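Peer 1: A single structure is presented below for examination.
The values are calculated or read from the model by the stated rules, or taken from the named source; none is laboratory data. Predicted model, so just to flag it, every value in this text is computed and none were measured. Cβ atoms come from the backbone with ideal geometry, glycine included; neighbour counts cover every protein chain shown. Each accessible area value is taken on the protein alone, full model and side chains, heavy atoms only, with ligands, DNA and RNA left out. Shrake-Rupley method; radii C 1.70, N 1.55, O 1.52, S 1.80 Å.
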Amino acid sequence: MLTVPGNSSRGKYNDLADEKLVSLFKETADSSIIAEFYTRYSHLIYGVCLKYLKNDSDSKDALMHVYEKLFIYLKQYEIANFKSWFYSVAKHHCLYLLKKRKEYTYEENIIVWKSPKEFVEFADDITLTGQCLNEDKTKQLFNAIEKLNEEQKICIDLFYLQEKSYQEIQEITQFTFKQVKSYIQNGKRNLKILLSEYYNNE
Amino acid sequence: MNNSSNHRHFSPSGCLTSEAINLYIQKKLTDKEVRKIELHLTDCQFCSDAIDGLIISDNKDFETTLSEVRDKLFPTDQKKFNGKTININKKSNRIRNIIYLSIAASISVIIISYLSIISINNSSKNNSLLGIEEFENKKSESPLTESTFKDSSNNKKEAQKTDTKNSQGSANNQNNIDRIEIINKLLKTDSEDEIILSDYSSELSDNFYTPEIINTQPSDDNNIVDGNSVEDYKKMEELPASSNGIIAGYSVTKEKESNDKNTQRSNKSSGQNPNSAGSTKTVPSFSLSYDADENEVSPAGLDKYNAGDYSGAITYYEEYLHVYPDDAQAQYYCGMSHYKLKQYNKALELLNKVVSNKQNHFYQQAQWQIAQIYIETNNTQQARKVLNEIIDEKGTYLNNAIEAVNNLENQ
């Protein structure tokens, strides 16, 4: 690994977009670029590793491994959306390790966990849609909310309509943090599906 | 204020900064800031998963963890020189030094070998002249015969006997025989130890003989021992082909029996030999083997192993073997890591892969380690079997294996 002399190189790259840094790395192989990616995303990669691997030591190793791979992958691959791609690299690395530990298997292309995992929003296709609900369409929205299951309905109502925080929703509903987040995300996804059906039928 | 908190909490890519996550977990944000972050979490799977992991972790000071990993990935060593701080990369300096040393060593080897060849050539020419004179003096006393040079597999000492049968051939043949014997005597070293230069014997002059190549079979009665018709010329092993690039090393090996074609030189080791159990009498060689395809990746696994992080090394090497399943070094160190963790079955599985090919660089170490595992797990029969193989092959661990077999028999 090459030297990154303190933080003095950060000024060179900290204003550049991720994709610009990727193409610069292909030309120069400057390890300061990897260091910049480390500054930007290491806490997120570490968090993702913690979520799947569940312990500090394995997550540290996985974090290191993912960044070591970056030196090679950035040279090899064309990357359109660095953030999404990097997230999927980390996630797939964690899955690979979990598969080695036999924590899950594939059955008909669906992941089956050895022990029940609640509220894991799991999809092989990792996309960050960034789409927001259109809250002005009130009537369709309330109709759609009514069609959600009870937990999702409550959390969507408390979070979006009453603008409660996760903490407050936890206190009201006695759901865990993870449950609250999951109900909101799943509820939002279902609402999007329902609302798009409404718009298609109009 | 709003803009500055936005700037602190969201990176240019739109994701949460580590400061934002830290404050969010510690519940040190205002309601507005919390709202902003939580709205982002509903849209960003990356940040959402990260926060999930960081919240459930026992390690609340994750920034320290990130600094530690950063220091490992991008090591720096600051030193003061003339009042200025200079950052020196220890690891790249070390690698650079190793490369320079190995290049210097290779050049030295070539020069020394060249000089040796020249000097031996010169001495052989001088000796041949001496031989003729001696022959003239001894002619009437004890003529030598061609039977001295009959072929046999382990009889280099017999080749040096001074049988005195009459030769059946012309005077020329007799001259050649005498010449050879005299050269042998002049070149003869201690009978217990012989120095062998590896890898260059095929380039030696036809007039150069070592004691060990005297076991020749005369091609016919009229041309018995001629430098150009030597048949049983001992050929040194070529460097085995492998997926790794090897910078040729030079080894000086003390052997007791040099006629064994299966004798393996000790000039193929790379990295450290982690198994210090048992001493060897081999002069250690220096050669650098590097993986030309993944020269940034492989050392990291070895670093973990050397640092005692065997679980980490296992994870690393298993990933590596997934891509390069036949890499002997990875198989060996992964196996050793399992051994260190007392996962003997897995260790044996990997080490047996290494020994499946005798050309592998870690063949001997793996073979010895397998024997060690069998001894430690009281699998005496298997241990004995492997130790006998080591003894038969007369490799680096010959003496260690003999000692181990004796210990087993005394139990």
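Peer 1: Using the structure shown, decide if residue A:45 is surrounded by 15 or more Cβ atoms within 10 Å (Cβ to Cβ) and either at pLDDT below 90 or outside any helix (DSSP H, G or I) (or both). Give the derivation first.
Peer 2: Numbers: surrounded by 15 or more Cβ atoms within 10 Å (Cβ to Cβ): yes; either at pLDDT below 90 or outside any helix (DSSP H, G or I) (or both): no.
In short, no.
Peer 1: What about residue B:57, is it modelled with pLDDT under 90, within 7 Å of chain A (Cβ to nearest Cβ) and closer than 26 Å to residue A:177 by Cβ?
Peer 2: Numbers: modelled with pLDDT under 90: yes; within 7 Å of chain A (Cβ to nearest Cβ): yes; closer than 26 Å to residue A:177 by Cβ: yes.
Yes: the conditions hold for residue B:57.
Peer 1: In addition: Of all residues in the stretch B:9-27, which are in a helix (DSSP H, G or I) and either touching a residue at least 24 places away in the same chain (Cβ under 8 Å) or farther than 13 Å from residue B:50 by Cβ (or both)? Write out each step before concluding.
Peer 2: Filtering the stretch B:9-27 for residues in a helix (DSSP H, G or I) gives B:9, B:18-25.
Residues satisfying the conditions are B:9, B:18, B:19, B:21, B:22, B:23, B:24, B:25.
Peer 1: Let me ask another. Collect the residues in the stretch A:14-34 that are surrounded by 17 or more Cβ atoms within 10 Å (Cβ to Cβ), more than 11 Å from chain B (Cβ to nearest Cβ) and either in contact with a His (Cβ under 9 Å, 6 or more places away or on another chain) or assigned to a helix (DSSP H, G or I) (or both), keeping them in residue-number order. Reasoning before the result, please.
Peer 2: Going through the stretch A:14-34, the residues surrounded by 17 or more Cβ atoms within 10 Å (Cβ to Cβ) turn out to be A:18, A:21-22, A:24-25, A:30-34.
Imposing the further condition that a residue be more than 11 Å from chain B (Cβ to nearest Cβ) reduces the set to A:22, A:24-25, A:30, A:33.
Listed by number, the residues that qualify are A:22, A:24, A:25, A:33.
Peer 1: Restricting the search to the stretch A:70-81, which residues are within 8 Å of chain B (Cβ to nearest Cβ) and in contact (Cβ under 8 Å) with a residue 12 or more places away in the chain? First the steps, then the outcome.
Peer 2: Filtering the stretch A:70-81 down to residues within 8 Å of chain B (Cβ to nearest Cβ) leaves A:71-72.
Scanning the stretch A:70-81 gives a single hit, A:71.
Peer 1: Test residue A:138 against the criterion of being open to solvent by 50 Å² or more (accessible area, probe 1.4 Å) and modelled with pLDDT of 60 or more, and give yes or no.
Peer 2: Details: open to solvent by 50 Å² or more (accessible area, probe 1.4 Å): yes; modelled with pLDDT of 60 or more: yes.
In short, yes.
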